[in-house]
1. From the list Ile161, Ile128, pick out the single residue that is aliphatic (A, V, I, L, M) and touching a residue at least 60 places away in the same chain (Cβ under 8 Å).
2. Mind telling me which of the residues Ala124, Ala76, Ala53, Ala90 ends up being more than 60 Å from the chain's Cα centre (by Cα) and of a type outside the set (S, T, N, Q)?
3. Restricting attention to the range 586-611, which residues are closer than 16 Å to Arg683 by Cβ and among the basic types (Lys, Arg)?
4. Can you spot a residue in the range 356-373 that is assigned to a helix (DSSP H, G or I) and open to solvent by less than 80 Å² (accessible area, probe 1.4 Å)?
5. Picking from Ala98, Ala60, which residue would you name as being under 17 Å from Ala158 (Cβ atoms), assigned to a helix (DSSP H, G or I) and open to solvent by less than 30 Å² (accessible area, probe 1.4 Å)?
6. Would the range 132-144 turn up any residue that is surrounded by fewer than 21 Cβ atoms within 10 Å (Cβ to Cβ), of a type in the set (Lys, Arg) and not in a helix (DSSP H, G or I)?
7. Would you mind stating whether Glu378 is in contact (Cβ under 8 Å) with a residue 24 or more places away in the chain and either open to solvent by 30 Å² or more (accessible area, probe 1.4 Å) or assigned to a strand (DSSP E or B) (or both)?
8. Given (1) surrounded by 15 or more Cβ atoms within 10 Å (Cβ to Cβ); (2) modelled with pLDDT under 90, identify the lone condition not met by Ile310.
Amino acid sequence: MMTEAPGRTPLGPTAEDPHANPSATDRSSPDLRSTVRTGLILLGSGAGYLAAAKLGLLLAVSNASVSVFWPASGVAIALFLVLGYDVWPAIAVASFLANVWTTGDPWSSIVIAGGDTLEGLVAAYLTIRFARGTRFTEQPRDILIFLGLGALVATSIAATIGAAALVAAHLASIANYSSLWSTWWLGDAVGALEFTPLLILLAQGRNGLRRAIAGRTAGETFVVALVVSLLSGVVFLTSAFPYRGVSGTALLLLPPVLWAALRYRSLGAAVSATAVSLVAITGTVLGRGPFAAMAPLSDLFSLRLYIGSIIAAALLAAAEVLQHEKAEEAAESARQNLEEKVRERTKLLSDAEAIARLGSWDYDLSTGKITWSDEMFEIYGFGKERFEVTLEKAYERTVSEDREMSQAGLRQIASDPKALSAPESASHFRIRLPTGEVRWVIGRGKVVEVRDGKPVRMVGTAQDDTERMALISALKQREAELVRSNRELQQFAYVASHDLQEPLRMVASFTQLLQTRYQDRLDAEANEFINYATEGAKRMSQLIDDLLAYSRLNRSAAPWGDVNLNEVFDLALTNLLPAIQESHAEVARGELPTVQGDRTQLLQLFQNLAGNAIKFHGELRPWVRCSAVQEEGSWHFVLEDHGIGIAPEYHERIFAIFQRLHTRQEYPGTGIGLAICKKVVERHGGRIWVESSGEAGKGSRFHFTLPLHAATGASSTPPPGVPRGLATTADPLVERSLTGPWRAERPPEAAQRALSQGDGGTSSLLPSDRRALPSSNPPEKPPPPPGS
């Protein structure tokens, strides 16, 4: 199968060939069809080249093998461009037959055929390589490249080889070599320039013809053809015009050829120019026309120059028009794409404005013209109605109380010479719709153009703010309800703290009086009932006190200030002294920071956390340690113990009010202590949480944070010797005797070793027996009290 040259139609079957896939029963059919098809193409190509060669040899005057006009060169180049390089055997054979038919010398004919074939191959290659192949007629640059490389440079190959072959075969004299070469070369060049574009364009078939005559009427086509034909015949076939040279009558054909080129593009240029050249050659051979008497028939340099100029001018004009049309089409396509994008963006902007209830406007102060977006009409209640907007029309719907404010603001902007650099102005006003509905609108505007020191153009937006104002109104109403509810709660708290406490005290007093006076007169069951009543009255009184303490947290009147948490923690331990003595608890702390807050509430925080750690110690002697470390933007506090622990499922529940995990018989209390801790921490801008596995002996770690920046007198960096990021402080732990002051006793290394290894060193807050802080494996049973 023949190979396919790039950009051209292969001679073999293509993918579109319905016979490309053979059936199982006829495997040889496609190969046979391909061979027949290739043979017919080669035969037709050879026949066409042979006909063109014999036509050109009719003008061979000085030598039988040298013609002043050689159309076969254009045929060969066109066949190579359209059908591919594999058509070369047909060109070679046809050239050989044409020459041997003329001279009868087979050896010179073979050499001449080789030169003609090589000429066509080189011209086709150069056109493909540098001028886009069969599309070279579409751009002026490619036409000039084809003219230079294909029609002038490549055609010198056949002239050089052919003239040498004639001299070698003694069919021409060596003295005539240069004359033969120039005649041969110009003949091939004109033939290539004239017939290559024509055949390539005709090979496009109906599609090319439709593109050429698109938008042209049949009448115009007939007129152009008639003018070119008649004028060619009159100039070159008659003696109607006296001879005045090429600049005279011969140039009369240039306007109609250019007309055809401009109106019918490259095909019109090629057809009209070829028709003119054929008529010119015929008339000159017959001895008529402006070129008949200018030179011997064996030269006709002026005629060939004229033909080449006409064809080149027509093709260049057609290509220029084609590029202009493509540029217009590209511009039109770009304009349509831009319009489509503008429509899309406008639709998107319109949808966004509708969603946000935000309209836009443009106000030309010099002309008074106002342009509104669609959403502006919707906001002002005009719906689909559109009209020429004026200030008066806009202010018609502005509530009278707000109209003067808007007008005054606009007048101030319009008279401000510095309005262009002024910040965006805003106004909040109401409009009333015909239905009586009142809408709140936020208007914003800015001057964007100033002329002669005066603002001339403003742009801005108007947003429907009705929904937000309704929410604000509802929030204000809810706020008023909350104030009233809080006032009622405060009254309830007052009643609970005064009116309820008095009856409870009376119940408890008289119950105790019954127990004292009638203890010997009543049986055991009656005494038990009296105890229950007394205990219940006490619990009720404690619940009321705790509830009041919890409710007072958010309305504490104590001023905030710098609070030294070392002092606060010490005071909390002083308040817990009876529990510490009773349980022989050990309490240790590191250096604590100074923060800003409510001293009383922070005391409650540490006292509740430390008290719980001491209370829920199980069978082990309790120990508690508190530490603080600086983190980014906050202080992180940890208070840990080795008590009974808290199961993970209760880590959130324990911070709710009145939530207890144990009975009162196991551990006393009302279940409000951790709720108070949570509220205190949150009121100070921190958070609180717990870590515990719930296993007895492993205890719990309560974490909470307080803002670092809240303390006006505290340093933003940890105290000297405190590394950042430690879970516990590295400061020397301090110890306190129940009868002595706080004092630093050990450096950080010794303190940590005492905590982790239980080396017997004292690094904790000890009771009077000064027992060491237990190790990571504390004793299972508390030691006996001091002095036992």
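The values are calculated or read from the model by the stated rules, or taken from the named source; none is laboratory data. Computed from a prediction, not measured in an experiment: that's the story for all the values here. All Cβ positions, even for glycine, are placed from backbone atoms using ideal geometry, and neighbour counts span all protein chains on display. Heavy atoms of the whole protein, side chains included, go into the accessibility calculation; ligands, DNA and RNA do not. Shrake-Rupley method; radii C 1.70, N 1.55, O 1.52, S 1.80 Å.
1. Ile128
2. Every option except Ala53 fails the conditions.
3. Residue satisfying the conditions is Arg599 alone.
4. Kept after step one, since they are assigned to a helix (DSSP H, G or I), are these residues of the range 356-373: 356.
Then drop every residue that is not open to solvent by less than 80 Å² (accessible area, probe 1.4 Å), which leaves 356.
Among the residues of the range 356-373, at least one is assigned to a helix (DSSP H, G or I) and open to solvent by less than 80 Å² (accessible area, probe 1.4 Å), which makes the answer yes.
5. Testing whether each residue is under 17 Å from Ala158 (Cβ atoms), assigned to a helix (DSSP H, G or I) and open to solvent by less than 30 Å² (accessible area, probe 1.4 Å) leaves just Ala98.
6. Within the range 132-144, one or more residues are surrounded by fewer than 21 Cβ atoms within 10 Å (Cβ to Cβ), of a type in the set (Lys, Arg) and not in a helix (DSSP H, G or I).
7. Working: in contact (Cβ under 8 Å) with a residue 24 or more places away in the chain: yes; either open to solvent by 30 Å² or more (accessible area, probe 1.4 Å) or assigned to a strand (DSSP E or B) (or both): yes.
In short, yes.
8. Ile310 satisfies every listed condition except (2).
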